[in-house]
Amino acid sequence: MTGPNSTAAAPPLLAATPVDISISGVNLSYGSNHVLKDVNLEIRPGEFFAFLGPSGCGKTTLLRLIAGFNEAQSGEVRVGGRDIARLPPWKRDVGMVFQSYALWPHMSVARNVAFGLEERPLPRAEIARRVEAALDLLGLSHLADRRPSQLSGGQQQRVALARTLAIEPKVLLLDEPLSNLDAKMRVQVRRELRDLQQRLRLTAIFVTHDQEEANTICDRIAVMNDGVIQQVGEPMELYERPANRFVAGFLGTANIIDGRMGGQGTDRRFEAQGLAPIPVPTTAPEATGLMFRPQDAMLDDPSGPDVLTLPGRIAQREFLGGTIRYVVSCSGREVLVDRPFQSAMTALPVDTPTSIHVPRDRIVWLTA
Amino acid sequence: MTAVALPALPAPRRRRLPTTPGQLALAAAIAVFLLAFLVLPVATVVYVAFTEKGTGAFTLVNFLDFARTDLFVRSFWNSVYVSGMSVVWASVLALPLATLTTRFEFRGAAVVQTLGFLPLIMPPFVGAVAMQLFFGRNGSVNLLLDDWFGFKIPFMEGLNGVIFVQSVHYFPFILINLVAALRNIDSAMEEAAQNLGSSGFRLFRRIVFPLAMPGYLAGASLVFVKVFDDLATPLLLNVKDMLAPQAYLRVTSIGIADPMGYVISVVLIVASVFAMWLSALALRGRDYATTQRGGGGLARRKLKGWEKIAAYGAVGLILALVLAPHLGLLLLSFATIWSFSPLPDAYTIAHYSRVFGESSLYIKNTLIYATLAGLIDVVLGVAIAYLVLRTKLVGRQWLDWAATAALAIPGVVLGIGYLRAFYGVTLPDGTPLAALWITVVLALAIRRLPYALRACMAAMQQISVSLEEAAENLGATKARTVRRIVVPLMTGGILAGFVTSFATAAVELSATLMLVQSNSDAPLAYGLYVFMQSPAGRGAGAALGVIAVLIVAASTLLSNMLAERNSANQGRKT
């Protein structure tokens, strides 16, 4: 499998300027099942955007809504300022790559790619030029006469992409495009996707349940759960400052300690069961929990002036390769602490009494 | 016969080990059975067709005679024409029904599909008589047309009648296959086309129909072959210049020594094989509708106002056509006299008392023959499925191929073959083997074996080998694994196979017509045919037909219930 051909001989596809997508007040239900609840979203021109969430969270429903395969009970979908919510799918110019690729088995690769252009319809010479350009762009020229069933999974995916790009869509929608590839291909293809999107300067939306995929490819992510957008932000921002327990737990591993705020003014503190009250600054929100990442905690190293200390005992030890993960039992709670693994280091044995230290500035206060 | 195949069940052997004597014996027994009752009769037919009468020397003279005789050439083209036109009209009936029920939100889609199967539970020649009453020159429809508008439509004149009856009878084959193919299309296939700007009829023409094409072709070729081979319908409509009736008439009127019957038989076989080969060729590399991952069926569209009216109108018309033979048969069975009037003059139950009185023998014979044929088929089916799927026996595929090849042998050809091959074989008391009622059973069993075999194969394929391995791993012996795991899991499939064989064997006429020697050995279909020959017997014939329909309908219902329960029990993929 060759990488995308960056020196396309034919005139490049997609000379148009990228557009923005604006979704406002979208509600969608199937009977009593409320699938999308008041979704509002602004996607910037040329942005690679991700809908991230567990299965059943409504991310694919939202994508299909933009493509026109689902109809919302209320709300607007604007692409480049134009409301497309009432247009049928075939008039939207919103290119979608399907999870199953949906390549038509009765047509050759070239016929598949030409299909959308023939439906426009464009002049024959223009169709030929664009098919060539699209195949060339994805390094598929030598496979033009093959049938989809004769291609590998990765090649089929490129054909699906070429077929969509050939119509020069305003927006590119990708429905879990990597889920049918093996692990090694996935890493390669996601880099190529990112590269392609950057070169075409195309607004793209990527649906996935895999946080690693979303983090590596996308400029910004909307984390969804239960039909509601939980948080929108750049990957690192979401990881560092999750808005709620769901985002904290879905993006990476999180230690969450439930409790409540007590006291007033300078005496303000966070109280949790089995834990000494933790003094908090007056600026801290009315939190119902605190969160920190396993790698931000230290064991038996109270250096630095401003640390949260939790006494405990090592309950389990897991060697993960690059890190050692300790499961520390602290007054009935299990807290995870990751330590980078270096050769010849001695790991703490199970049952060792220990204490966990977390710098205050690594603690995230959770209000939801 | 059952004694030969019975050891199949309790004598399974290890899958991955070399062939055992038990397997060999089983395979040999099946091979002998198929050779004796399928290969030998067919080979005899072919041999006679290619040899000189009396001397046994190879010759093509018989075929030259065939080609030189005007009647035979005309019969051949008539058969081709009737089969082709039946496919066309069957498609005209099936396409709107299939499209409406799979592509639109159409109330009563389930009713339409169930009613679409109704013609199949009635043998076509039974329907033919009823269709005469409704659509014949002096049938209800034409009488009314003549009264109101002063013209008649020759629905049932000559070849038209055969085409009409056959297309109404066989269109469900196209409907079933087309609906299944349409249902198997991943909705993403259609959505991708819409996403790229396609919609409406263009989308149907460029994406949906090509993807459903394999299903359509499979159904269409089946209809062609069935119509080409059918003997009873043209005979009952008094159309004699078609191939199957000619074969029958040559052998029954001139005698089994006359080579022309055999020549026609060979032509029938070649035409069947050719049609099947053609559809296989067209289908090659196109088995794609079912291979798509994920996604559900196609999205359904709401019908607009005028579309709704057109849709219900079309469906209503087709259903009226489909129900016409059933209704006509029912009326006829209760009618005193029904002639030159839209409806019968008066009603009576005399025909039923006659049928249940003097003719109950037909019903009894049918039940015995069909049950025995079904049992033979299921035992052979399970044994062949086991040998093919679970052993490494060399040449095991040949058993499958041989059994399946029966599909290409028209009933009339098999009947002629039995007559010729077994007439010389006499029992100790001097009666020829071919005159014995058991030959009818054997012919029925061979004719239905391909269908029963598919059912058994499917049932066994559904059972993952790991289920058997798990049982063995937990200490069950091979025999106990078969008894406690394999057979219970296969029961539904075996029963469905039995019922299908039973129901279709109960109304088979083509082979039976050749083989039944005395009225006391005759099954229901034969009796029906005899009754229908005379105007006085039509009422009783219709009553017998109603009984046949009820038997087949009950069996079909039963097999559907079994199949559903079976798939519900095995709600898993292997």
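Just so it is clear, none of the values below were taken in a lab; they were calculated from the coordinates. Values in this document were obtained by computation on a predicted structure and should not be read as measured data. Here the Cβ positions follow ideal geometry from the backbone for every residue, glycine too, while neighbour counts run over all protein chains shown.
Here are the numbers:
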item	result
Mean shadow area of the range A:253-366 over all directions, Cα convex hull, nm²	7.2 nm²
222 nm mean residue ellipticity, helices alone, for chain A (DSSP H n ≥ 4; -39,500 (n - 2.57); rounded to 500)	-7000 deg cm²/dmol
Karplus-derived 3J(HN,Hα), 6.51/-1.76/1.60, for each residue of the range A:273-278, Hz, glycine and proline x	4, x, 9, 5, x, 9
Semi-axis lengths (Å, descending) of the ellipsoid that matches the C-alpha gyration tensor of the range A:21-245	30, 20, 15
Label-point separation, A:ALA125 to B:TYR423 (7 Å along Cα→Cβ), nm	7.7 nm
Given 10 as the ceiling on other Cβ atoms within 10 Å, longest exposed-site-free region of chain B for chymotrypsin sites (Phe, Trp or Tyr not before Pro) in DSSP loops	B:341-574
Alpha-carbon centroids, the range B:142-186 and the range A:270-294: separation in whole Å	79 Å
Cα-only Debye scattering, the range A:306-368: base-10 log of I(q)/I(0) at q = 0.25, 0.27, 0.30 Å⁻¹	-1.11, -1.18, -1.25
Efficiency of FRET from Cβ geometry, B:LEU558 and A:ASN40, R₀ 51 Å, rounded to 0.05	0.35
Residues B:ASN238 and B:ALA346, FRET efficiency given R0 of 22 Å [Cβ-Cβ distance, rounded to 0.05]	0.20
All lysines inside 22 Å of A:LYS59 as judged from Cα atoms, apart from same-chain residues fewer than 8 positions distant	A:LYS37, A:LYS170
Most mobile of A:TYR30, A:TYR239, A:TYR101 in a GNM of chain A (Cα contacts under 10 Å)	A:TYR30
Cα-based reach from B:LYS240 at 19 Å (exclusive), listing lysines while leaving out same-chain residues under 8 positions away	B:LYS226
Degrees between helix A:109-119 axis and first principal axis of chain A (Cα, 0 to 90, nearest 10)	80 degrees
Within chain B, helix-based [θ] at 222 nm, where runs of 4 or more DSSP H residues each add -39,500 (n - 2.57), nearest 500	-22500 deg cm²/dmol
The protein assembly as shown - Debye-derived log10 I(q)/I(0), Cα point model, q = 0.10 Å⁻¹	-1.19
Shielding of A:103-116 by partner chains, average beta-carbon count, 10 Å	4
Mean Cβ count within 10 Å, highest first, over the residues of peptides A:279-288, B:516-525	B:516-525, A:279-288
Long-range amide H partners of A:PHE206 with built H, under 5 Å	A:PHE49, A:ALA50, A:PHE51, A:LEU174
5 angstrom amide H check on A:MET96, placed H, neighbours 5+ away	A:LEU173
Amide proton proximity set for A:VAL35, modelled H, under 5 Å, gap of 5+	A:LEU28, A:SER29, A:TYR30
Partner aspartates and glutamates for B:LYS53 [C-alpha distance under 17 Å; skip if fewer than 8 residues away on the same chain]	B:ASP65, B:ASP258
